[in-house]
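Trainee: Dropping the structure in here first, questions after.
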Amino acid sequence: MSNLETHPVEESVCGGEAAPAAPDPDAELLLPREVPLGGPRAMPVRRALPGKHRRMIGAWCFADVYGPDDVSAGEGMQVPPHPHIGLQTISWLVRGSVHHRDSLGSDRLVRPGRLNLMSAGHGIAHSERTPADAPALLHGAQLWVALPDGARDGAPVFEHHADLPVFEVPGARVTVLVGEVAGHRSAATAHTPLVGAEVLVEPGARVRLPLDADFEHGVLPLDAPVSLLGHRVEAGALLYLGQGRTEVELSVPESAEPAHLLLLGGEPFTEDLVMWWNFVGRDHDEIVAARDAWEAGRTAPGEGRRFGAVIGDDGAALPAPGLPNARLRPRPRHRSDR
């Protein structure tokens, strides 16, 4: 997915205000800000990460929740060809379908329960669109994972995982997207110690989830409020849990449908990042070079361009926004770190 903000100043990419401190001193509630996906009349998404003070959880550096939206009367998600560097994108759906195409020639529908994972490396372009025969409701999450120095300049790779590990705990079913939970490991590629899982919680249930004490974690409800550590966390908000926990207990209210949430975590990411538009880099000059390469290839297509054309998508590629007047500065994962 693309960040389609027209003025993506690096400082403003960190959005919602943190709520008052949780009863647990290591917990922090990140409230989302609403961002239009594709323009003022387009489908809105709720962006909780990066937040104003906390920018990462492990290597997770970006989290959007969208829907549920009725796309039967409109075009739904229409994200034209756009570039990425230095990150992995993870697409996860609760309802609906999205058509992914990229400059490697990948052509996949992502559906609920199946994982699309794209490692941008040195550069890739892709598009995401609601197909003509899509179900009426679209609901899901788009996540970014920052690649470490050893992997961020490598060749791009696309993975589709249709057979993810699934197991049950009392009151819930857990699907492991990335990493390992309770001995169940996903085959999806991770370049840092990382975990991502969907937890489908029965109405009114209280659920205990095992955690890796070396990781920091966050809980991101997708469609219903979740209560844990003294907080009521609304859909689209994210509760940061800190490090050192071996489990967490949560509950969801009685409802007609099970509640979906994402558990995200990893070892704290120690490299400072520059996040601007769809690029994750380390300094201003790297971002400028990526932007210039995208614009050169977009306006004068030809062989040897860094990002390539999105094969099978004839739509106009997304132009890069103008850079801010000030130099972009690397940022730590949490404002209080410096």
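No lab work stands behind these numbers, since they all come straight from the coordinates. Just so it is clear, the structure is predicted and the values come from calculations on it, not from any experiment. Here the Cβ is made from the backbone with ideal geometry for all residues, glycine too, and neighbour counts use every protein chain on show.
Trainee: Taking only Cα atoms of the range 193-338, what ratio of Rg to Rh do you get with Rh as the Kirkwood inverse-distance radius?
Mentor: Working: Rg = 20.7 Å, Rh = 18.7 Å.
Radius of gyration relative to Kirkwood radius: 1.11.
Trainee: What ratio of Cα Rg to 2.2 N^0.38 Å holds for the range 67-213?
Mentor: Normalised Rg, Cα atoms only: 1.10.
Trainee: Here's something else I'd like to know. Find, among the trypsin sites (Lys or Arg not before Pro) in the range 232-284, those assigned to loop by DSSP (not H, G, I, E, B) with at most 16 other beta-carbon atoms within 10 angstrom.
Mentor: Of the trypsin sites (Lys or Arg not before Pro), the ones in loops of the range 232-284 whose Cβ has at most 16 other Cβ atoms within 10 Å are 282.
Trainee: Sticking with this one: Exposure proxy check: 192, 246 ranked by fewest other beta carbons within 10 Å?
Mentor: With the fewest neighbours first, 192, 246 line up as 246, 192.
Trainee: Helix 284-299: angle to the longest alpha-carbon principal axis of the chain, degrees 0 to 90, nearest 10?
Mentor: Helix 284-299 and the main axis of the chain meet at about 60 degrees.
Trainee: Considering the values (i) 30, 23, 19; (ii) 38, 22, 16; (iii) 36, 29, 18, which represents semi-axes √(5λ) of the Cα gyration tensor in Å as calculated for the structure under consideration?
Mentor: So the structure-derived entry is (i).
Trainee: Starting from the Cα of residue 160, step 7 Å along the direction of its Cβ; do the same at residue 189; then give the gap between the two resulting points in nm.
Mentor: Taking the simple label geometry, residue 160 and residue 189 are separated by 1.7 nm.
Trainee: If you average the C-alpha positions of the range 81-155 and of the range 165-237 separately, how far apart do those two centres end up, in angstrom?
Mentor: Centre-to-centre (Cα) distance: 21 Å.
Trainee: Please give the Cα centre distance for the range 242-289 versus the range 303-330, rounded to the nearest Å.
Mentor: Centre-to-centre (Cα) distance: 24 Å.
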